Amino acid sequence: MTVQMRLSGDPAEIEVMVKVLAVVFQLDGSGRLDTNQGAAGARCYVTARIPNKHDRSEPLTPDQIQ
């Protein structure tokens, strides 16, 4: 199962949220924060997948998201 997510808000809070999500989900994406146009804050797009038990034994860190 795979879903695409758009995280929007304060850049520091987005970074924390990505770390929390990476504990449960396998995350893919650029990890790039883009400034919101016409609104405060930033946004980040990630793809989240429920990892198969054979995929990996350790969750990805935000620095490992490609």
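Report yes if Leu33 is among the aliphatic types (A, V, I, L, M), at negative phi, open to solvent by less than 50 Å² (accessible area, probe 1.4 Å) and modelled with pLDDT under 95, otherwise no. No, not satisfied. Comparison of Gly9, Gly38 shows that the only residue that is at pLDDT 90 or above and on the phi > 0 side of the Ramachandran plot is Gly9.
The values are calculated or read from the model by the stated rules, or taken from the named source; none is laboratory data. Worth saying up front: this structure is predicted, and the values here are computed from it rather than measured. Each accessible area value is taken on the protein alone, full model and side chains, heavy atoms only, with ligands, DNA and RNA left out. Shrake-Rupley method; radii C 1.70, N 1.55, O 1.52, S 1.80 Å.
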